[in-house]
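I have placed the structure first, in the form of structure tokens, so that the comments after it can refer back to it.
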Amino acid sequence: MIGPDDTRIAQRTRTVRDGERCELPELGLSFEILQIPGHTLSHIAFWGHGALFCGDTLFSAGCGRMFEGTPKQMNASLNKLRNLPPETQVFCGHEYTAANLRFALTVDPANLAAVEYRDSVARVRARGKPTLPSTLGREIQVNPFLRCDESAVVRAAEAHAGKMLEESAEVFGVLRAWKDQFR
């Protein structure tokens, strides 16, 4: 099993690190390893062939909880993913899209791309189909956790926090804490 340098992963037979190439000769594929701490400190993603396998760091219209990392780490990891090509297909660990869109539209109700995506997701899910994979371009439009530097998201986070927020990691931290309590 391929995994990050983390002694808690006892089944790991091969350790990979940020920036390395991970060759999968059986499949004729290779991926770049991206270290993306935040969900856990040793979380990694696999990127290549137009695809991103990001586990529980990035979800469609949302992101994972921070079990070990800090808001600053998670925000930096999400920004690292945001900088990949917009056509990149995002394969995340769970189908949370509809619930994440409810939160995204609470943060930014005027986001027309998110409204359209919510309606599309409802139709897809009504047919029993998955909404995944998404694309990074779509996520940049609808995912508030990838938009912590945009004015509508910043204003919503500041209103929720009841104070001015100086940097995007603070905005992220407020959004993540808000989402943790959101129903």
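The values are calculated or read from the model by the stated rules, or taken from the named source; none is laboratory data. Keep in mind that this is a model prediction, so the values were computed, not measured. Neighbour counts are summed over all protein chains in view; Cβ atoms, including those assigned to glycine, are modelled from backbone coordinates with ideal geometry. Side chains included, ligands, DNA and RNA excluded: accessible areas come from the protein's heavy atoms. Shrake-Rupley method; radii C 1.70, N 1.55, O 1.52, S 1.80 Å.
At a glance:
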quantity	calculated
Percent carbon-and-sulfur accessible area, region 1-56, ignoring ligands, DNA and RNA, probe 1.4 Å	56 percent
Cut-off under 5 Å, modelled amide H: who pairs with Ala51 long-range	Gln89
Highest-fluctuation residue, Phe103, Phe145, Phe172 considered, GNM on the chain with Cα pairs under 10 Å	Phe103
Selection of chymotrypsin sites (Phe, Trp or Tyr not before Pro), region 1-68, meeting DSSP coil and at most 12 other Cβ within 10 Å	Phe67
Residue with peak Gaussian network fluctuation, the chain [Cα springs, cutoff 10 Å], from Thr97, Thr106, Thr13	Thr13
Listed residues Ala126, Ala156, Ala76, most fluctuating in the chain (Gaussian network, C-alpha, under 10 Å)	Ala126
Spatially near lysine pairs across the chain, Cα under 21 Å, sequence gap of 8 or more or different chains	4
Accessible area (Å², per residue) of the chain, counting only protein heavy atoms and a probe of 1.4 Å	51 Å²
Percentage relative contact order, the chain, counting C-alpha pairs under 8 Å, at least six apart	17 percent
The chain: equivalent-ellipsoid semi-axes (sqrt of 5 x gyration tensor eigenvalues, Cα, Å)	28, 20, 14
Percent accessible area from carbon and sulfur atoms, region 87-183, protein chains only, probe 1.4 Å	51 percent
Student exercise, region 51-183 dipole from Lys, Arg, Asp, Glu Cβ charges, in Debye to nearest 20	480 debye
HN-Hα J in Hz across region 43-58 - Karplus 6.51, -1.76, 1.60, θ = phi - 60°, x for Gly and Pro	4, 10, 10, 10, 10, x, 6, x, 10, 10, 9, 10, x, 10, 7, 10
Angle between the chain longest axis and helix 71-82 axis [Cα atoms, degrees, rounded to 10]	80 degrees
In sequence order, calculated HN-Hα J values of region 104-117 (Karplus, 6.51, -1.76, 1.60; Hz; x Gly/Pro)	4, 7, 6, 5, 9, x, 8, 6, 5, 4, 6, 4, 4, 5
3J(HN,Hα) from dihedral phi, region 161-171, Karplus parametrisation 6.51/-1.76/1.60, rounded to Hz, x for glycine, proline	7, x, 7, 6, 10, 7, 9, 4, 5, 5, 4
